[in-house]
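Here the structure comes first, spelled out in structure tokens, and everything after it is commentary.
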Amino acid sequence: MAAEFVVVANRLPVDRVQGPDGEDIWRPSPGGLVAALEPVMHGVDGAWVGWAGQADLELAPFTANDIRLIPVTLSAQEVAEYYEGFSNDTIWPLYHDVIAPPQFHREWWEAYRTVNERFARAAAKAVAPQGTVWVHDYQLQLVPEMLRALRPDVTIGYFHHIPFPSHHIYAQLPWRDQVLSGLLGADVIGFQRAQDAASFTAAVKRRLRYDVKASTVAVPQNDAPARSVLVKAFPISIDTTPYLELAARPDVQARAAEIRESLGNPKRILLGVDRLDYTKGIRHRIKAYGELLAQGDLTVDDATLIQVASPSRERVDAYVHLRDEIELLVSRINGDNDTVGHSAIRYLHQGFPREEMVALYLAADVMLVTALRDGMNLVAKEYVATRADNRGVLVLSEFTGAADELRSAVRVNPHDIEGLKEAIMVAVNMPRAEQSRRMRALRKRVIEHDVNAWSKSFLDALAAVSSSQ
Ligand code: G6P
């Protein structure tokens, strides 16, 4: 039953939710991590260790969508302290450049350690002798070290899906040394951008005083030569196949036309798609758009902004406040600008299935990705992948990982509201020929560097390390 290849992530790829009649429904989990990893699991002797998204749920291992799933149980208090607390109210804001103030609580740290230990034990139990374990993301930074202590025979990779901050921010973390040591239990540590890898090695040098040569950290061992850990950027991507297939489907294209029709046929549709998160710059985007309407650069007859803001981390205070702020702003702008037939902003606080997302991407003349800080931003890549017609304009924040690769997007600093307004107008008025020139370059990059290329490059690096040891 032991698996050669084990993924460990906070979430399983499916969440258990209650249907209208109280029945169990398994729904794909939110966020980019799950979307990126799912295709990696097909065709391997693998298992996925993770949480099913509800407190106090005791579940035996099961198989869904051809993937062997090993659920880890979290109590209600652990959900509050490990998931909502330390992961999403300490590490998340700290690693996203303190856009919101991180909270530091010792009991949250204790819960984080306890839960990381539980994940490490589950992985240690699931993996075959000399097998490979791939640990994911900021919720599980202590797992590599804990797992190595339990299973020194196993090859361990860790991939960090979010930014790693520069040292002066990282240094605020009261448990900064323990977290670095936790991560250094891995053989390969992957980051989204070269800048994140450099921030990590700089922290290792300053805090732990370990030797770092090029991208290799030498971790001292008791009674043994130092262990080498490779630290490198492996920019993540999407599985392009379902996006290309859906975009080519006549019913999805018809749905895109229907969306435009139902908005009263505006000349331009602008689109934002995000988890409702303060890192995404949703407020900045809506503010800029509202000012363009107020100044008369745009009118509700020419333009509609569709903002999909999927519910996220709804019990964390910063998210509760953000929702209030956004909803106040949206209703003010709509109140000031709407006509009976046209709306300035169509705001959807909902998640949608992939078909509907692709129809929205096909309907959108301008895609607005204005994150203040984002590890990668896969929405930008999804939009580009669907635009086989080479139409549409991507406005992309320079503070996303995607900006390193998607050089032909219209780049913005979302903090600069005037610059953002100018970029929106450039996008709205961009001639077809220029749209097509830029979109071709963007698509080439995303299609050539898809999620399979990403996982292959990471797993090849991991295999090279394990064979050299
Ligand atoms: C980001 C993180 C993921 C996380 C996802 C959804 O993509 O990198 O680790 O799973 O957001 O957030 P949630 O808190 O709902 O898991």
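The values are calculated or read from the model by the stated rules, or taken from the named source; none is laboratory data. The model shown is predicted, which means the values in this text are computed figures rather than measured ones. Heads up, the Cβs are rebuilt from the backbone with ideal geometry, glycines too, and the neighbour counts pull from every protein chain shown.
Summary table
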{"quantity": "Some residue of the range 60-79 being touching a Pro at 6+ places or on another chain (Cβ under 8 Å), within 13 Å of the ligand (Cβ to nearest atom), in the same structural domain as Asn116 (by TED's automatic domain parsing) and touching a residue at least 24 places away in the same chain (Cβ under 8 Å)", "calculated": "no"}
{"quantity": "Any hit, the range 377-387, residues being assigned by TED's automatic domain parsing to the domain that holds Arg249 and either surrounded by fewer than 19 Cβ atoms within 10 Å (Cβ to Cβ) or in a strand (DSSP E or B) (or both)", "calculated": "no"}
{"quantity": "Unique match (being surrounded by fewer than 14 Cβ atoms within 10 Å (Cβ to Cβ), farther than 30 Å from Val135 by Cβ and basic (Lys, Arg)) among Lys444, Lys421", "calculated": "Lys444"}
{"quantity": "Number of positions in the range 63-74 that are modelled with pLDDT of 95 or more and either closer than 14 Å to Ala318 by Cα or surrounded by fewer than 18 Cβ atoms within 10 Å (Cβ to Cβ) (or both)", "calculated": "1"}
{"quantity": "Residue that is nearest to Gln195 (Cα to Cα), among those in the range 75-107 that are crowded, with 18+ Cβ neighbours inside 10 Å and of a type in the set (Ser, Thr, Tyr)", "calculated": "Tyr95"}
{"quantity": "Criterion (outside any strand (DSSP E or B) and within 30 Å of Glu325 (Cα to Cα)) met by exactly one of Ile269, Ile259", "calculated": "Ile259"}
{"quantity": "Residue, nearest to the ligand (Cβ to nearest atom), within the range 12-33, restricted to residues that are in a loop (DSSP other than H, G, I, E, B) and within 18 Å of Gly375 (Cβ to Cβ)", "calculated": "Gly31"}
{"quantity": "Selection count, the range 332-376, where residues are assigned to a strand (DSSP E or B) and in contact with a helix residue (DSSP H, G or I) (Cβ under 8 Å, 6 or more places away or on another chain)", "calculated": "7"}
{"quantity": "Pair list, Cβ under 9 Å, 6 or more apart: the range 1-28 residue among the polar types (S, T, N, Q), other residue assigned to a strand (DSSP E or B)", "calculated": "Asn10/Gly50; Asn10/Trp51; Asn10/His136; Gln18/Asp24; Gln18/Ile25"}
{"quantity": "Any hit, the range 52-62, residues being within 29 Å of Pro102 (Cβ to Cβ), at pLDDT 90 or above and polar (S, T, N, Q)", "calculated": "yes"}
{"quantity": "Within the range 308-339, considering residues that are among the hydroxyl-bearing types (Ser, Thr, Tyr) and under 24 Å from Ala380 (Cα atoms), the one surrounded by the most Cβ atoms within 10 Å (Cβ to Cβ)", "calculated": "Tyr319"}
{"quantity": "Exclusive hit being within 16 Å of the ligand (Cβ to nearest atom) and at pLDDT 95 or above, set Tyr243, Tyr158, Tyr210", "calculated": "Tyr158"}
{"quantity": "Selection within the range 34-45 - small (Gly, Ala, Ser) and more than 15 Å from the ligand (Cβ to nearest atom)", "calculated": "Gly43"}
{"quantity": "Residue identified as closer than 24 Å to Phe352 by Cβ and outside any strand (DSSP E or B) among Ala36, Ala9, Ala80", "calculated": "Ala36"}
{"quantity": "Tabulated pairs, the range 441-469, first more than 30 Å from Arg391 (Cα to Cα), second among the aliphatic types (A, V, I, L, M) and in a helix (DSSP H, G or I), C-beta under 8 angstrom, 6+ apart or interchain", "calculated": "none"}
{"quantity": "Filter pass, Leu292 being assigned by TED's automatic domain parsing to the domain that holds Gly419, within 19 Å of Leu368 (Cα to Cα) and in contact (Cβ under 8 Å) with a residue 60 or more places away in the chain", "calculated": "yes"}
{"quantity": "Failed criterion for Glu117 (all others in (1) out of contact with any Pro (no Cβ under 6 Å at 6 or more places or on another chain); (2) more than 20 Å from Asp177 (Cβ to Cβ) hold)", "calculated": "(2)"}
{"quantity": "Near pairs, Cβ below 7 angstrom, 6+ apart or cross-chain, from the range 105-128 (in a helix (DSSP H, G or I)) to any residue that is small (Gly, Ala, Ser) and surrounded by fewer than 23 Cβ atoms within 10 Å (Cβ to Cβ)", "calculated": "Trp108/Gly85; Ala111/Gly85; Ala126/Ala2; Ala126/Ala3"}
{"quantity": "Test: residue in the range 309-321 that is more than 30 Å from Ala453 (Cα to Cα) and in contact with a strand residue (DSSP E or B) (Cβ under 7 Å, 6 or more places away or on another chain)", "calculated": "no"}
{"quantity": "Options Val179, Val252; residue that is within 24 Å of Val34 (Cα to Cα), within 24 Å of the chain's Cα centre (by Cα) and assigned to a helix (DSSP H, G or I)", "calculated": "Val179"}
{"quantity": "Output for the range 271-294, where each listed residue is within 17 Å of Phe399 (Cα to Cα) and more than 16 Å from the ligand (Cβ to nearest atom)", "calculated": "Gly272, Arg283, His284, Arg285"}
{"quantity": "Residue within the range 449-466 that is closer than 30 Å to Val231 by Cα and crowded, with 24+ Cβ neighbours inside 10 Å present", "calculated": "no"}
{"quantity": "One residue from Pro163, Pro174 being assigned to a loop (DSSP other than H, G, I, E, B), surrounded by fewer than 24 Cβ atoms within 10 Å (Cβ to Cβ) and either within 16 Å of the ligand (Cβ to nearest atom) or touching a residue at least 24 places away in the same chain (Cβ under 8 Å) (or both)", "calculated": "Pro174"}
